[in-house]
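Data first, discussion second: the structure below is written as structure tokens.
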Amino acid sequence: MEITFETVRDIIVDTLSCDAEAIKPEAKLLEDLEADSLEIVELSMALQENLGVGIEDEDLENIKTVQDILDYIKSKQA
């Protein structure tokens, strides 16, 4: 399955209840999307459920932007 920005954006919108317009590749999860640490974990679980690829707990601290999520998922699929 091809992972697209739109797919990840939709999962972020559903999980964080934020506006799709606010989600851009450079958007920072904590500052721009106002996600807290629990929501980041919930987002990882939603990615795992929807895409089959979650973010490992030890890697969560390195995920700062939407682009980081895309890059991480694509690297795990390679």
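The values are calculated or read from the model by the stated rules, or taken from the named source; none is laboratory data. Keep in mind that this is a model prediction, so the values were computed, not measured. Positions of Cβ are backbone-derived with ideal geometry, glycine not excepted, and every protein chain shown enters the neighbour counts. These area figures cover heavy atoms from the full protein model, side chains too; ligands, DNA and RNA do not enter into them. Shrake-Rupley method; radii C 1.70, N 1.55, O 1.52, S 1.80 Å.
Okay, here's what the table says:
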read-out: Residue 3 being surrounded by 11 or more Cβ atoms within 10 Å (Cβ to Cβ), β-branched (Val, Ile, Thr) and at pLDDT 95 or above; value: no
read-out: Some residue of region 37-44 being farther than 17 Å from residue 57 by Cβ and open to solvent by 30 Å² or more (accessible area, probe 1.4 Å); value: no
read-out: Tabulated pairs, region 44-57, first in contact (Cβ under 8 Å) with a residue 24 or more places away in the chain and more than 13 Å from residue 72 (Cβ to Cβ), second among the hydrophobic types (A, V, I, L, M, F, W, C) and open to solvent by less than 20 Å² (accessible area, probe 1.4 Å), C-beta under 9 angstrom, 6+ apart or interchain; value: 46/11; 46/12; 50/11
read-out: Residue ID - nearest to residue 39 (Cα to Cα), chosen from residues in region 7-19 that are surrounded by 10 or more Cβ atoms within 10 Å (Cβ to Cβ) and acidic (Asp, Glu); value: 14
read-out: Index of the failed condition, residue 66 passing every other in (1) within 22 Å of residue 19 (Cα to Cα); (2) open to solvent by 20 Å² or more (accessible area, probe 1.4 Å); value: (2)
read-out: Every residue from region 42-72 that is over 21 Å from residue 32 (Cα atoms) and among the hydrophobic types (A, V, I, L, M, F, W, C); value: 51, 53
